[in-house]
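Since every read-out is calculated from the coordinates, none of them should be taken as a lab result. Bear in mind that the values here come from a model prediction, so they are computed numbers and not experimental data. For neighbour counting, all protein chains shown are included, and Cβ atoms are generated from backbone atoms with ideal geometry for every residue, glycine included.
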Amino acid sequence: MTTPFRSMEVMIPALSKVLGVQECPHIILTQKLLVVEKAKSGLFVADWDAHGNLYVVPTGKYKNWTPKLNDSRVFHIGDKLARLRHVNSIFAGETGEPTLTTGSLRLNGEAVFYFVVVGSSARALFGNPPVGAEVIIEQK
């Protein structure tokens, strides 16, 4: 992620000047066009929780990537891979079984999906991937 602000030392005085809270004569503001890159289409790690469940979200034209309920599919993150079975709740899998389910969270109106291992950590299974890590779906 990039930001037009280099540090809090620049952001706070600049914001103060824009809002007229205080004068900062040594700061000169220049208007710049904000360029936002188009998101890469794919499946990405969005977050994780204290239980080790991974939250993944599709972007772009990623549709119909989930297997049918109770079917499995192989997912890769980095050099780690796991066969996840699509289930209908976080606790629907057997203990130690990697599963994929739709969570209650939503992002931009779309469902957030969970990679879950009941009694273990899906995040650890995939090598503790950072937010933004791409999830590759093995083709059938």
Between D47 and residues 5 or more places away or on another chain, the pairs with built amide H atoms under 5 Å apart involve Y55
Using 0.36 nm per residue, how much length does the chain from K68 to S120 gain when fully extended, once their Cα-Cα distance is taken away? 16.3 nm
Just grab the label-to-label distance for L33 and H76, each label 7 Å out from Cα along the Cβ direction, in nm (one decimal). 3.8 nm
